[in-house]
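Okay, so here's the structure we're looking at.
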Amino acid sequence: MPLSDLEHHVLEHIDEQQLVESLVAVIRVPSVTGTDAESDLQHAHAKMLDAAGLDVDTWKFDLAALRADHRFPGEETGRSEGYGVVGMTGPGYPALVLQGHVDVVPTGDVERWHDGDPFSGVIRAGAVHGRGACDMKAGVVANLAVIQAIRASGVVLERPLAIHSVISEEDGGLGAFGTMVRGHGGEVAVITEPTSNRIVTACAGALTFAISVPGLAAHGSTRLQGLSAFDAFLPLNRAIAALEADRNTRPDPRFLTTALPYPISIGRIRAGDWASSVPDLLVAEGRLGVIIDEEPADARASFERAIANACAADPWLRDHPATVTWPGGQFASGRIDDDHAFIDEISDAITSLRGGPVPERTAAPYGSDLRLYSGIGGIPTLHYGPGDVNFAHAPREQVELTELFAVARSLTLLAVRRCGAHR
């Protein structure tokens, strides 16, 4: 669809320099999930939305009430406070919601980052580097750039646009959950997670598990008198690998380029308390990929069954079985209907600007806030945002500036078309 004069006018008011400066500034706030800086960035974002002329709702979460709700999505970090931030262009039910999370994962080994500073926001070779650059502070500032361009152009939206800024996406989705419970909704939503120019219409889920494997303690010099919990874990690890292979035999066709749509990974192992003792306990923590449209309870049952069967087949574990618990984040899968008209709307906005073939429509192998917006809020939701998810959670995380600008332009055009506008 060709651009109208009004659309050209609004797009001319996207300030790329301001966009870059905003991204560098938010990267420099070390908003690791669960830390005070997470709240600091929410307050800063509320001020930016207010400065852009939005009606801003900022509220402190009632954590006890949210955690007591049977729909609570779980969490992996302790936090004593949390804030929700929603900005709207005016009263009424939003025609479009743009959502982003401000929290980031820990940095890992700082020596693997440029200059040893994961929060530098340094610009090199046309990309901004730093923890959160693509996951997903680029998406957060792209959302902000949309309303800034509309306001600077003097154009008035005919139906409301809402900007949601949330916390705790990385450890379960408390922020999105609290925002839905607050009653903030919309006709459709875009979560600006990194998608590499694709439109993500579905997300697998991810359930955090912990396996406690018993052993029998003994002095390391007489280890045959004991049984190492590490050795006892090995047949369970093989059973997990077999389960992973089985769960990936018939992947959803939306996983066009994903080699392993539903991974099961062990992220942390703890065993023993003394180097010269045979460990009598191993705890393995990890995440179980949830198949699209699979009930989390069914996913948990399949995992528990695989562990129980492996224990029954092992001489030691048969009488000393491992136990499985489900702490931390519990991400169900989520999706938008394949034939929903909104997918074509955002696709048309993208192709109106860049030309060429329509963007690829695909699924993501990770959990996200999508399932809370669609499942609890009842909002048809998809992902489209700047960055390559392969850089997320990795050292030297980065986002290309050209992609940041392109996404900001596409979202601005989408907002003008979906909400309607006049001078």
Counting only residues in the range 346-375 that are in a loop (DSSP other than H, G, I, E, B) and among the small types (G, A, S), the one modelled with the lowest pLDDT is identified as G356
May I ask you to list the residues in the range 297-345 that are under 23 Å from the mean Cα position of the chain (by Cα), among the hydrophobic types (A, V, I, L, M, F, W, C), part of a loop (DSSP other than H, G, I, E, B) and more than 21 Å from R247 (Cα to Cα)? I336
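Looking only at the range 80-103, decide whether some residue is farther than 30 Å from L382 by Cβ and more than 18 Å from the chain's Cα centre (by Cα). Before you say what the answer is, go through the steps one by one.
Going residue by residue through the range 80-103, those that are farther than 30 Å from L382 by Cβ are 80-81.
With more than 18 Å from the chain's Cα centre (by Cα) added as a condition, the list becomes 80-81.
So far as the range 80-103 goes, yes, one or more of its residues are farther than 30 Å from L382 by Cβ and more than 18 Å from the chain's Cα centre (by Cα).
Please verify whether the range 187-196 includes one or more residues that are in a helix (DSSP H, G or I) and either surrounded by 15 or more Cβ atoms within 10 Å (Cβ to Cβ) or touching an Asp or Glu at 6+ places or on another chain (Cβ under 7 Å) (or both). Spell out the reasoning first.
Within the range 187-196, the first condition is being in a helix (DSSP H, G or I), and the residues that meet it are none.
There is no residue in the range 187-196 that is in a helix (DSSP H, G or I) and either surrounded by 15 or more Cβ atoms within 10 Å (Cβ to Cβ) or touching an Asp or Glu at 6+ places or on another chain (Cβ under 7 Å) (or both).
The rows are residues; the columns are (1) among the hydrophobic types (A, V, I, L, M, F, W, C); (2) in a helix (DSSP H, G or I).
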residue	(1), (2)
V128	yes, no
R131	no, no
C134	yes, yes
G139	no, yes
V146	yes, yes
H164	no, no
G178	no, yes
G185	no, no
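Residue by residue through the range 73-93, note down the ones that are surrounded by 17 or more Cβ atoms within 10 Å (Cβ to Cβ) and at pLDDT 95 or above. It would help to see each step written out before you state the result.
Residues of the range 73-93 surrounded by 17 or more Cβ atoms within 10 Å (Cβ to Cβ): 73-75, 77, 79, 82-89.
Scanning the range 73-93 gives G82, Y83, G84, V85, V86, G87, M88, T89.
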Check whether at least one residue in the range 60-71 is surrounded by 22 or more Cβ atoms within 10 Å (Cβ to Cβ) and within 24 Å of G130 (Cβ to Cβ), and report yes or no. no
Exception for A206 within (1) in contact (Cβ under 8 Å) with a residue 12 or more places away in the chain; (2) farther than 30 Å from D337 by Cβ; (3) hydrophobic (A, V, I, L, M, F, W, C); (4) in contact with a strand residue (DSSP E or B) (Cβ under 9 Å, 6 or more places away or on another chain) falls at (2)
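This table checks each residue for (1) closer than 22 Å to D314 by Cβ; (2) modelled with pLDDT of 95 or more; (3) of a type in the set (K, R).
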residue: Q225; (1), (2), (3): yes, yes, no
residue: A229; (1), (2), (3): yes, yes, no
residue: F233; (1), (2), (3): yes, yes, no
residue: R238; (1), (2), (3): yes, yes, yes
residue: E244; (1), (2), (3): yes, yes, no
residue: T257; (1), (2), (3): no, no, no
residue: P263; (1), (2), (3): no, yes, no
residue: I266; (1), (2), (3): yes, yes, no
Could you tell me whether any residue of the range 117-126 is in the same structural domain as G173 (by TED's automatic domain parsing), part of a loop (DSSP other than H, G, I, E, B) and more than 21 Å from E21 (Cα to Cα)? no
What residue, among those in the range 57-105 that are of a type in the set (F, W, Y) and either in a strand (DSSP E or B) or not assigned by TED's automatic domain parsing to the domain that holds S374 (or both), is nearest to S39 (Cα to Cα)? Y83
Enumeration of residues in the range 277-296 that are on the phi < 0 side of the Ramachandran plot, assigned to a loop (DSSP other than H, G, I, E, B) and under 26 Å from the mean Cα position of the chain (by Cα): I291, I292, E294, E295
Scan the range 1-38 residue by residue and report those that are closer than 19 Å to A349 by Cα, surrounded by 19 or more Cβ atoms within 10 Å (Cβ to Cβ) and not aliphatic (A, V, I, L, M). E7
Check off (1) within 30 Å of A217 (Cβ to Cβ); (2) surrounded by 21 or more Cβ atoms within 10 Å (Cβ to Cβ); (3) basic (K, R) for R318 and give me the number that stays unchecked. (2)
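The values are calculated or read from the model by the stated rules, or taken from the named source; none is laboratory data. Bear in mind the structure is a predicted one, so any value in this text is a computation, not a measurement. Cβ sites come from the backbone with ideal geometry, for glycine too, and all protein chains shown count toward neighbours.
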